[in-house]
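**Student:** Let me give you the structure first, and then I'll get to my questions.
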Amino acid sequence: MFKSLTQPVRAPPVNYTLPAAMAMPNPFSLSCAKVRWPPLPTSISGRRQDSLSSIHFGCDHSNRRVLTLLCMSISEIEKAKKSEKEQEREEAAMGVAEVGEPLGFHMPAEWEPHSHCWIGWPERCDNWRENAVHAQRVFARVASAISAFEPVTVCASSSQWENARSQLPKHIRVIELSMNDSWFRDIGPTFVVRRNPSKSGDAQQLIAGIDWAFNSWGGVEDGCYCDWSLDLLVARKILEIEKIPRFSHSMVLEGGSIHVDGEGTCLTTEECLLNQNRNPHLSKNQIEDELKAYLGVRKVIWLPRGLYGDDDTNGHIDNMCCFVRPGVVLLSWTDDESDPQYERSVEAYSLLSSTTDANNRKFEIIKLHVPGPLYMAEEEAAGVSQDDEAKHRLPGTRLAASYVNFYIANGAIIAPQFGDKKWDDEAVRVLSKAFPHHKVVGIEGSREIVLGGGNIHCITQQQPAI
């Protein structure tokens, strides 16, 4: 009855919009069924236009089912009605070429200038203990620290807007925006830029945002919570607020699973991107082709695994390894051979030592020791409302704590501090040496973020300056 789209969508950033998502009451009795709609006709104004719509019926946790509907946006229909000349004028203004052709956009490195930073506001009581009051204080601390170096926007739900506003400095913008949880690295847009020569010969910087597909880090079976319908709209809302063109993609990908050097190299992990709970219909080569096309990179380096204990994200790269500058990386490390992390660190070190970046540079690898093993305490787990709508937080669980999960602001490094003085101090020392022109700002109490499944890099999303 329906034809599945088996090839990855290839479309120009700025001109192509996949379906928007909206949550609806569930009038059905189906459970976890998925319907794929056929692509659009192959010719709209002489160009190929692929579109994928999905309906998820149900997320059966304690007989509660959630319906998420992805439907073709009105803008896609309206665009088909435009004249050939009008469409071509718009595409030329935005620097858009034929669908499927390389467009010259790339994801800039995180240390390149930002216009500002986006952060969500935590509230769900089945992930953040004591109704998120502890996490909110630390989120406010992170936002305040970043705001000393670049503008910050914090997004909070309607029920939390006043609370967020009261905890944040007046110079931080607080807007109302719904979400299922506050991991803006993963649910926010991935910004890409392009330098486009103008008639005067000057280079004009263009910006767009990639809106990846999202499935709560694993879908109905393996995800962190069963209803992510609000998360699906976050990237689109941010881009509309900023009046930035949206580049939509059907591939499931979170921002924390990729890291780029801005010069053609991307880091990621096989543990995450090749996990069957993300894009089982895509091969490694196909995923790599999409990363190259959409991020503007020429080489993808695949580390086998991420940080030990990072089960929520299935081994995101931003907990394991990141670029300091082209040709230089920081790697989560431990000298304790009895720690399960040791094998992963050695494995990654060996691979990085034997490869080069997109410009054929050998890597300088800086080891950044993880804190002593941290575990969720009984009282911390007891403070979480354990229900069947989200992944349970169990006492004794090894926390995925890593100092690599920091944020690079304009002139500053905003780094986690876990209360392990020896390794907290060592992290500040290593980061200060790695980034000599940045001020390292440690965020005390970062344990509260890691209790929820991530850290500072996970809750932030930079918007490049243009």
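**Student:** Is any residue of the stretch 391-426 close enough, with backbone N under 20 Å, to a label point placed 7 angstrom from the Cα of Ala377 along the Cα-Cβ axis, and if so, which?
**Tutor:** 393-402, 416-425
**Student:** Related question: Quote the relative contact order of the stretch 384-466 in percent (integer), defining contacts as alpha-carbon pairs under 8 Å separated by 6+ residues.
**Tutor:** 32
**Student:** While we're looking at this one, here's another question. For the pair Ser158/Glu364, report the inter-label distance in nm, with labels modelled 7 Å from Cα in the Cβ direction.
**Tutor:** In this crude label model, Ser158 to Glu364 measures out at 5.3 nm.
**Student:** Also, quick follow-up: Pull out the extension gain between Val346 and Lys433, defined as 0.36 nm times the separation in residues minus the alpha carbon to alpha carbon distance; nm, one decimal.
**Tutor:** In short, 29.1 nm is gained.
**Student:** Along Cα→Cβ, 7 Å out, is where each label goes; now give me the distance between the ones at Arg173 and Gln276 in nm to one decimal.
**Tutor:** 4.4
**Student:** Output the pairs from Lys299/Lys367; Lys170/Lys243; Lys243/Lys292; Lys367/Lys421; Lys292/Lys439 with a Cα-Cα distance over 29 Å in this structure; if there are none, say none.
**Tutor:** Lys292/Lys439
**Student:** Alpha carbon centre of the stretch 408-466 versus the stretch 249-304: separation in Å?
**Tutor:** 24
**Student:** Under the rule of at least 5 residues apart or a separate chain, name every residue whose amide H is placed under 5 Å from the amide H of Arg173.
**Tutor:** Amide H to amide H, under 5 Å and 5 or more residues apart or across chains, Arg173 pairs with Val152, Val154.
**Student:** Oh, and also: For q values of 0.29, 0.33 Å⁻¹, compute log₁₀ I(q)/I(0) with the Debye formula on a Cα-only model of the stretch 136-178, without solvent.
**Tutor:** Debye intensities relative to I(0), on a log10 scale: -1.05, -1.26.
**Student:** Taking the highest mean first, how do the peptides 299-307, 386-394, 404-412 order by number of other beta carbon atoms within 10 angstrom per residue?
**Tutor:** With the highest mean Cβ count within 10 Å placed first, the list reads 404-412, 299-307, 386-394.
**Student:** Return the ratio Rg/(2.2 N^0.38 Å) for the stretch 249-395, where Rg is computed over Cα atoms only.
**Tutor:** Scaled against compact globular proteins, the figure is 1.14.
**Student:** Going by accessible area, probe 1.4 Å, with all protein chains left in place, what is the ranking of Lys439, Lys243, largest first?
**Tutor:** The residues order as Lys243, Lys439, largest area first.
**Student:** Let me ask something additional. Taking the mean number of other Cβ atoms within 10 Å as a proxy for protection, how do you rank 278-289, 413-424 from highest to lowest?
**Tutor:** Ranked from most to least packed, the peptides come out as 413-424, 278-289.
**Student:** Please give the per residue volume of the convex hull enclosing the alpha carbon atoms of the stretch 362-465, rounded to a whole number of Å³.
**Tutor:** Cα-based convex hull of the stretch 362-465, divided per residue, equals 141 Å³.
**Student:** Moving on to the next point. Work out from phi, with θ = phi - 60° and the Karplus expression 6.51 cos²θ - 1.76 cosθ + 1.60, the ³J(HN,Hα) of each residue of the stretch 436-453, listed in order in whole Hz, and give x for Gly and Pro.
**Tutor:** In residue order, the calculated couplings are x, 9, 10, 8, 8, 10, x, 9, 5, x, 5, 3, 4, 6, 5, 4, x, x Hz.
**Student:** Now for a different question. Over all alpha-carbon pairs in the stretch 314-416, figure out the percentage whose distance exceeds 20 Å.
**Tutor:** Every Cα pair in the stretch 314-416 considered, those over 20 Å come to 51 percent.
**Student:** Suppose a student asked you for the relative contact order of the stretch 312-459, using Cα pairs under 8 Å spaced at least 6 residues apart; what percent would you report?
**Tutor:** Taking the mean separation of contacting Cα pairs over the length of the stretch 312-459, I get 22 percent.
The values are calculated or read from the model by the stated rules, or taken from the named source; none is laboratory data. Keep in mind it's a predicted model, so treat the numbers as computed, not measured. Cβ atoms come from the backbone with ideal geometry, glycine included; neighbour counts cover every protein chain shown. These accessible areas exclude ligands, DNA and RNA; they are computed on the full protein's heavy atoms, side chains included. Shrake-Rupley method; radii C 1.70, N 1.55, O 1.52, S 1.80 Å.
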